[in-house]
Amino acid sequence: MGQGILLSGGDNIDFMIHGVFSYKFFGQEVWITTSHICLLIVVLVLLLFFIIGGSVFRKAKTIPTGFQNVVEMVVELLDGIVGSTMGEKGKGFRNYIGVIFIFILFSNISGLLGLRPPTADYGVTLPLGLLTFTLVQINKLRFNSIPSIWVDLCSPLPPWLPIWAPINVIGEVAVPISLSLRLFANVLSGTVMMALVYGLLQLFAMVWPAALHVYFDIFSGAIQTYVFCMLTMTYISNAMGGDE
Amino acid sequence: MEFNENFILGCSAIGAGLAVIAGIGPGVGQGIAAGYGASAVGRNPGAKGAITSTMLLGQAVAETTGLYGLLIAFLLLFVKPLLP
(Lines give C-alpha, C1' and ligand atoms only; values in the text may rest on other atoms or scores of the structure.)
Protein backbone atom coordinates (compact mmCIF):
# COMPACT_ATOMS: atom_id res chain seq x y z
CA MET A 1 0.00 0.00 0.00
CA GLY A 2 1.51 3.35 0.90
CA GLN A 3 2.30 5.39 -2.22
CA GLY A 4 -0.23 7.97 -1.02
CA ILE A 5 -2.96 6.21 -2.96
CA LEU A 6 -5.40 6.27 -0.06
CA LEU A 7 -5.00 9.94 0.89
CA SER A 8 -2.68 10.65 3.77
CA GLY A 9 -3.26 8.14 6.53
CA GLY A 10 -2.49 5.20 4.29
CA ASP A 11 -0.35 3.35 6.82
CA ASN A 12 -3.18 2.57 9.22
CA ILE A 13 -5.43 1.00 6.64
CA ASP A 14 -5.24 -2.74 6.86
CA PHE A 15 -7.57 -5.12 5.12
CA MET A 16 -5.10 -7.28 3.24
CA ILE A 17 -4.38 -10.92 3.95
CA HIS A 18 -1.14 -11.33 5.88
CA GLY A 19 1.15 -14.31 5.98
CA VAL A 20 1.74 -15.73 9.45
CA PHE A 21 4.46 -18.27 8.76
CA SER A 22 5.70 -20.16 5.74
CA TYR A 23 6.79 -23.71 5.19
CA LYS A 24 8.21 -25.79 2.38
CA PHE A 25 5.80 -28.03 0.48
CA PHE A 26 7.52 -30.10 -2.23
CA GLY A 27 10.05 -27.33 -2.68
CA GLN A 28 7.39 -24.61 -2.97
CA GLU A 29 7.12 -21.90 -0.35
CA VAL A 30 3.57 -22.03 1.06
CA TRP A 31 2.17 -19.50 3.51
CA ILE A 32 -0.25 -20.00 6.36
CA THR A 33 -2.21 -16.74 6.22
CA THR A 34 -4.67 -14.91 8.43
CA SER A 35 -7.52 -16.34 6.35
CA HIS A 36 -6.50 -19.85 7.36
CA ILE A 37 -6.53 -18.90 11.03
CA CYS A 38 -9.89 -17.09 10.85
CA LEU A 39 -11.32 -20.05 8.95
CA LEU A 40 -10.00 -22.40 11.62
CA ILE A 41 -11.61 -20.32 14.37
CA VAL A 42 -14.96 -20.29 12.56
CA VAL A 43 -14.82 -24.04 11.95
CA LEU A 44 -13.91 -24.75 15.58
CA VAL A 45 -16.80 -22.62 16.84
CA LEU A 46 -19.18 -24.43 14.50
CA LEU A 47 -17.77 -27.80 15.58
CA LEU A 48 -18.37 -26.89 19.22
CA PHE A 49 -21.92 -25.85 18.35
CA PHE A 50 -22.57 -29.10 16.50
CA ILE A 51 -21.06 -31.29 19.24
CA ILE A 52 -23.08 -29.57 21.97
CA GLY A 53 -26.19 -29.75 19.80
CA GLY A 54 -25.65 -33.44 19.16
CA SER A 55 -25.14 -34.24 22.83
CA VAL A 56 -28.25 -32.25 23.72
CA PHE A 57 -30.29 -34.19 21.18
CA ARG A 58 -29.03 -37.56 22.44
CA LYS A 59 -31.17 -36.99 25.54
CA ALA A 60 -33.82 -34.83 23.87
CA LYS A 61 -37.04 -34.07 25.67
CA THR A 62 -40.53 -33.82 24.17
CA ILE A 63 -40.93 -30.32 25.57
CA PRO A 64 -37.69 -28.59 24.55
CA THR A 65 -35.77 -26.41 26.98
CA GLY A 66 -32.80 -24.12 26.67
CA PHE A 67 -30.32 -25.05 24.01
CA GLN A 68 -32.59 -27.66 22.44
CA ASN A 69 -34.97 -24.80 21.57
CA VAL A 70 -32.24 -22.98 19.66
CA VAL A 71 -31.12 -26.04 17.72
CA GLU A 72 -34.69 -27.01 16.84
CA MET A 73 -35.39 -23.47 15.65
CA VAL A 74 -32.31 -23.41 13.42
CA VAL A 75 -33.05 -26.82 11.93
CA GLU A 76 -36.70 -25.99 11.30
CA LEU A 77 -35.78 -22.68 9.66
CA LEU A 78 -33.26 -24.31 7.30
CA ASP A 79 -35.62 -27.19 6.50
CA GLY A 80 -38.34 -24.65 5.71
CA ILE A 81 -36.08 -22.72 3.32
CA VAL A 82 -34.97 -25.86 1.48
CA GLY A 83 -38.47 -27.35 1.44
CA SER A 84 -40.12 -24.24 0.04
CA THR A 85 -37.55 -23.88 -2.74
CA MET A 86 -36.78 -27.44 -3.81
CA GLY A 87 -39.97 -29.20 -2.78
CA GLU A 88 -40.20 -32.91 -2.11
CA LYS A 89 -37.35 -34.01 -4.39
CA GLY A 90 -34.84 -31.80 -2.61
CA LYS A 91 -35.09 -33.60 0.71
CA GLY A 92 -31.62 -35.09 0.38
CA PHE A 93 -30.07 -31.64 0.07
CA ARG A 94 -31.21 -30.35 3.45
CA ASN A 95 -27.96 -31.38 5.10
CA TYR A 96 -25.69 -29.82 2.49
CA ILE A 97 -27.63 -26.57 2.21
CA GLY A 98 -27.98 -26.28 5.98
CA VAL A 99 -24.26 -26.76 6.59
CA ILE A 100 -23.25 -24.34 3.84
CA PHE A 101 -25.79 -21.78 5.11
CA ILE A 102 -24.50 -21.89 8.69
CA PHE A 103 -20.87 -21.84 7.55
CA ILE A 104 -21.25 -18.81 5.26
CA LEU A 105 -23.37 -16.97 7.81
CA PHE A 106 -20.83 -17.49 10.59
CA SER A 107 -17.98 -16.54 8.27
CA ASN A 108 -19.71 -13.33 7.22
CA ILE A 109 -20.60 -12.15 10.70
CA SER A 110 -17.21 -13.10 12.14
CA GLY A 111 -16.18 -9.60 11.05
CA LEU A 112 -18.09 -8.39 14.09
CA LEU A 113 -15.66 -10.21 16.38
CA GLY A 114 -12.62 -8.53 14.85
CA LEU A 115 -11.69 -11.41 12.58
CA ARG A 116 -11.11 -10.83 8.89
CA PRO A 117 -14.07 -12.70 7.39
CA PRO A 118 -12.79 -15.88 5.71
CA THR A 119 -15.25 -15.34 2.85
CA ALA A 120 -13.36 -12.15 1.95
CA ASP A 121 -10.71 -14.46 0.50
CA TYR A 122 -11.34 -15.75 -3.01
CA GLY A 123 -9.70 -19.01 -2.03
CA VAL A 124 -12.64 -19.73 0.27
CA THR A 125 -15.53 -18.72 -1.97
CA LEU A 126 -14.29 -20.33 -5.19
CA PRO A 127 -14.42 -23.87 -3.68
CA LEU A 128 -17.97 -23.16 -2.51
CA GLY A 129 -18.92 -22.18 -6.06
CA LEU A 130 -17.16 -25.26 -7.44
CA LEU A 131 -19.08 -27.49 -5.01
CA THR A 132 -22.33 -26.06 -6.39
CA PHE A 133 -21.09 -26.60 -9.94
CA THR A 134 -20.16 -30.22 -9.19
CA LEU A 135 -23.52 -30.90 -7.56
CA VAL A 136 -25.36 -29.37 -10.53
CA GLN A 137 -23.46 -31.49 -13.05
CA ILE A 138 -23.80 -34.70 -11.01
CA ASN A 139 -27.53 -34.21 -10.60
CA LYS A 140 -27.91 -33.43 -14.27
CA LEU A 141 -26.29 -36.78 -15.07
CA ARG A 142 -28.34 -38.60 -12.42
CA PHE A 143 -31.77 -37.38 -13.42
CA ASN A 144 -31.46 -36.88 -17.18
CA SER A 145 -30.49 -39.22 -19.99
CA ILE A 146 -27.45 -38.35 -22.10
CA PRO A 147 -29.48 -37.53 -25.27
CA SER A 148 -31.72 -35.10 -23.40
CA ILE A 149 -28.64 -33.37 -21.95
CA TRP A 150 -27.30 -33.04 -25.50
CA VAL A 151 -30.61 -31.56 -26.70
CA ASP A 152 -30.49 -29.17 -23.75
CA LEU A 153 -26.95 -28.13 -24.62
CA CYS A 154 -27.89 -27.16 -28.18
CA SER A 155 -31.19 -25.79 -26.94
CA PRO A 156 -32.31 -22.92 -29.20
CA LEU A 157 -31.17 -24.82 -32.31
CA PRO A 158 -32.01 -28.43 -33.29
CA PRO A 159 -29.70 -31.11 -31.81
CA TRP A 160 -28.04 -31.98 -35.14
CA LEU A 161 -26.70 -28.41 -35.42
CA PRO A 162 -24.52 -27.83 -32.33
CA ILE A 163 -23.40 -24.31 -33.23
CA TRP A 164 -24.89 -22.85 -30.08
CA ALA A 165 -23.33 -25.45 -27.76
CA PRO A 166 -20.14 -23.48 -26.93
CA ILE A 167 -22.23 -20.53 -25.74
CA ASN A 168 -24.22 -22.82 -23.45
CA VAL A 169 -21.00 -24.38 -22.12
CA ILE A 170 -19.73 -20.88 -21.28
CA GLY A 171 -23.04 -20.24 -19.53
CA GLU A 172 -22.55 -23.38 -17.43
CA VAL A 173 -18.97 -22.47 -16.52
CA ALA A 174 -19.99 -18.92 -15.59
CA VAL A 175 -22.23 -20.23 -12.78
CA PRO A 176 -19.55 -21.01 -10.14
CA ILE A 177 -17.52 -17.93 -11.09
CA SER A 178 -20.44 -15.53 -10.71
CA LEU A 179 -21.64 -17.24 -7.51
CA SER A 180 -18.24 -17.08 -5.84
CA LEU A 181 -17.39 -13.58 -7.08
CA ARG A 182 -20.71 -12.23 -5.81
CA LEU A 183 -20.12 -13.49 -2.28
CA PHE A 184 -16.44 -12.54 -2.32
CA ALA A 185 -16.96 -9.00 -3.62
CA ASN A 186 -19.78 -8.28 -1.19
CA VAL A 187 -17.85 -9.35 1.88
CA LEU A 188 -14.64 -7.76 0.64
CA SER A 189 -16.36 -4.42 0.01
CA GLY A 190 -17.73 -4.47 3.57
CA THR A 191 -14.30 -5.30 4.96
CA VAL A 192 -12.62 -2.55 2.95
CA MET A 193 -15.25 -0.01 3.98
CA MET A 194 -14.81 -0.80 7.66
CA ALA A 195 -11.02 -0.67 7.31
CA LEU A 196 -11.31 2.75 5.64
CA VAL A 197 -13.55 4.05 8.43
CA TYR A 198 -11.25 2.79 11.16
CA GLY A 199 -8.05 3.75 9.35
CA LEU A 200 -8.84 7.20 8.01
CA LEU A 201 -11.26 8.48 10.66
CA GLN A 202 -9.37 7.08 13.64
CA LEU A 203 -10.09 10.06 15.86
CA PHE A 204 -13.80 10.23 15.10
CA ALA A 205 -14.65 6.53 14.90
CA MET A 206 -16.20 6.31 18.32
CA VAL A 207 -19.66 4.70 18.51
CA TRP A 208 -21.31 5.25 15.13
CA PRO A 209 -19.29 2.57 13.26
CA ALA A 210 -21.56 0.12 15.08
CA ALA A 211 -24.34 1.11 12.66
CA LEU A 212 -22.04 0.38 9.72
CA HIS A 213 -21.20 -2.98 11.29
CA VAL A 214 -24.89 -3.79 11.49
CA TYR A 215 -25.27 -3.05 7.80
CA PHE A 216 -22.06 -4.47 6.34
CA ASP A 217 -21.56 -7.49 8.59
CA ILE A 218 -25.01 -8.61 9.70
CA PHE A 219 -27.48 -7.37 7.06
CA SER A 220 -25.30 -7.72 3.97
CA GLY A 221 -23.77 -10.95 5.21
CA ALA A 222 -27.13 -12.55 5.93
CA ILE A 223 -28.57 -11.44 2.57
CA GLN A 224 -25.60 -12.80 0.66
CA THR A 225 -25.77 -16.09 2.56
CA TYR A 226 -29.44 -16.37 1.65
CA VAL A 227 -28.74 -15.50 -1.97
CA PHE A 228 -25.92 -18.02 -2.26
CA CYS A 229 -28.03 -20.86 -0.83
CA MET A 230 -31.09 -19.80 -2.84
CA LEU A 231 -29.18 -19.77 -6.13
CA THR A 232 -27.49 -23.08 -5.31
CA MET A 233 -30.89 -24.66 -4.66
CA THR A 234 -32.38 -23.14 -7.83
CA TYR A 235 -29.54 -24.38 -10.02
CA ILE A 236 -29.69 -27.87 -8.51
CA SER A 237 -33.45 -28.19 -8.86
CA ASN A 238 -33.23 -26.87 -12.43
CA ALA A 239 -30.68 -29.58 -13.18
CA MET A 240 -32.85 -32.22 -11.53
CA GLY A 241 -36.20 -31.26 -13.02
CA GLY A 242 -35.52 -32.23 -16.64
CA ASP A 243 -37.84 -35.24 -16.86
CA GLU A 244 -40.88 -33.88 -15.05
CA MET B 1 8.00 3.76 -24.88
CA GLU B 2 8.86 3.81 -21.18
CA PHE B 3 6.58 5.26 -18.51
CA ASN B 4 7.59 5.84 -14.93
CA GLU B 5 5.84 4.29 -11.94
CA ASN B 6 3.91 7.36 -10.84
CA PHE B 7 2.36 7.81 -14.27
CA ILE B 8 1.11 4.21 -14.26
CA LEU B 9 -0.23 4.55 -10.71
CA GLY B 10 -2.07 7.74 -11.63
CA CYS B 11 -3.62 6.14 -14.67
CA SER B 12 -4.60 3.12 -12.54
CA ALA B 13 -6.36 5.47 -10.12
CA ILE B 14 -8.25 7.10 -13.02
CA GLY B 15 -9.19 3.66 -14.32
CA ALA B 16 -10.39 2.63 -10.87
CA GLY B 17 -12.58 5.70 -10.72
CA LEU B 18 -14.02 4.93 -14.14
CA ALA B 19 -14.64 1.29 -13.17
CA VAL B 20 -16.77 2.30 -10.20
CA ILE B 21 -19.16 4.09 -12.59
CA ALA B 22 -20.57 0.57 -13.00
CA GLY B 23 -22.44 1.34 -9.78
CA ILE B 24 -25.01 3.36 -11.75
CA GLY B 25 -26.63 0.26 -13.20
CA PRO B 26 -27.36 -1.61 -9.97
CA GLY B 27 -28.52 1.65 -8.41
CA VAL B 28 -31.18 2.11 -11.08
CA GLY B 29 -32.08 -1.58 -11.02
CA GLN B 30 -32.42 -1.80 -7.26
CA GLY B 31 -34.48 1.37 -7.24
CA ILE B 32 -36.87 -0.07 -9.80
CA ALA B 33 -37.13 -3.31 -7.83
CA ALA B 34 -37.84 -1.40 -4.61
CA GLY B 35 -40.46 0.75 -6.35
CA TYR B 36 -42.32 -2.25 -7.72
CA GLY B 37 -42.00 -3.95 -4.34
CA ALA B 38 -43.59 -0.94 -2.65
CA SER B 39 -46.46 -0.85 -5.15
CA ALA B 40 -46.97 -4.62 -4.76
CA VAL B 41 -47.21 -4.23 -0.98
CA GLY B 42 -49.69 -1.39 -1.53
CA ARG B 43 -51.87 -3.64 -3.65
CA ASN B 44 -51.57 -6.73 -1.47
CA PRO B 45 -50.42 -5.89 2.08
CA GLY B 46 -51.00 -9.46 3.20
CA ALA B 47 -48.08 -10.76 1.14
CA LYS B 48 -45.57 -8.30 2.60
CA GLY B 49 -43.12 -10.94 3.82
CA ALA B 50 -42.92 -12.86 0.55
CA ILE B 51 -42.64 -9.64 -1.48
CA THR B 52 -39.86 -8.29 0.70
CA SER B 53 -37.78 -11.47 0.53
CA THR B 54 -38.23 -11.76 -3.25
CA MET B 55 -37.27 -8.10 -3.65
CA LEU B 56 -34.14 -8.45 -1.52
CA LEU B 57 -33.09 -11.57 -3.44
CA GLY B 58 -33.49 -9.81 -6.78
CA GLN B 59 -31.67 -6.74 -5.55
CA ALA B 60 -28.76 -8.80 -4.27
CA VAL B 61 -28.45 -10.51 -7.65
CA ALA B 62 -28.68 -7.17 -9.49
CA GLU B 63 -25.94 -5.78 -7.26
CA THR B 64 -23.43 -8.20 -8.74
CA THR B 65 -22.54 -6.20 -11.84
CA GLY B 66 -21.74 -3.16 -9.73
CA LEU B 67 -19.57 -5.29 -7.49
CA TYR B 68 -17.63 -6.51 -10.53
CA GLY B 69 -16.75 -2.90 -11.23
CA LEU B 70 -15.75 -2.41 -7.60
CA LEU B 71 -13.58 -5.52 -7.81
CA ILE B 72 -11.79 -4.14 -10.89
CA ALA B 73 -11.20 -0.89 -8.99
CA PHE B 74 -9.72 -2.80 -6.03
CA LEU B 75 -7.49 -4.79 -8.34
CA LEU B 76 -6.23 -1.63 -10.04
CA LEU B 77 -5.59 0.16 -6.74
CA PHE B 78 -4.13 -2.55 -4.54
CA VAL B 79 -2.85 -5.40 -6.70
CA LYS B 80 -1.44 -2.96 -9.31
CA PRO B 81 -1.35 -5.38 -12.27
CA LEU B 82 -0.09 -2.71 -14.69
CA LEU B 83 3.20 -2.04 -12.91
CA PRO B 84 6.15 -3.74 -14.63
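The values are calculated or read from the model by the stated rules, or taken from the named source; none is laboratory data. Note that the structure is a prediction, hence the values are computed from the model and not measured. Quick reminder, even Gly has a Cβ in these numbers, built from the backbone with ideal geometry, and neighbours come from all protein chains shown.
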Hits in the range A:106-118 - residues which are assigned to a helix (DSSP H, G or I), surrounded by 18 or more Cβ atoms within 10 Å (Cβ to Cβ) and out of contact with any Pro (no Cβ under 7 Å at 6 or more places or on another chain)
A:Phe106, A:Ile109, A:Pro118
For the range A:59-88, give me each residue that is loosely packed, with under 15 Cβ neighbours inside 10 Å and modelled with pLDDT of 85 or more.
A:Asn69, A:Val70, A:Met73, A:Val75, A:Glu76, A:Leu77, A:Asp79, A:Gly80, A:Gly83, A:Ser84
Pick from the range B:52-84 the residues that are more than 7 Å from every other protein chain (Cβ to nearest Cβ) and among the polar types (S, T, N, Q): which of them is surrounded by the most Cβ atoms within 10 Å (Cβ to Cβ)?
B:Gln59
On the basis of being outside any helix (DSSP H, G or I), small (Gly, Ala, Ser) and in contact (Cβ under 8 Å) with a residue 12 or more places away in the chain, does A:Ser148 make the cut?
no
Quick check, is B:Val28 touching a residue at least 40 places away in the same chain (Cβ under 8 Å), assigned to a helix (DSSP H, G or I) and more than 10 Å from chain A (Cβ to nearest Cβ)?
no
Give just the number: which of (1) under 30 Å from A:Gly114 (Cβ atoms); (2) of a type in the set (Gly, Ala, Ser); (3) in a helix (DSSP H, G or I) does A:Ala205 not satisfy?
(3)
Tell me, please, whether a residue that is among the small types (Gly, Ala, Ser) and within 12 Å of chain B (Cβ to nearest Cβ) can be found in the range A:192-206.
yes
Can you say whether A:Ile177 is free of Cβ contacts under 8 Å to residues at least 12 places away in the same chain and either away from chain B (no Cβ under 14 Å) or closer than 30 Å to A:Gly98 by Cβ (or both), as far as the supplied structure shows?
no
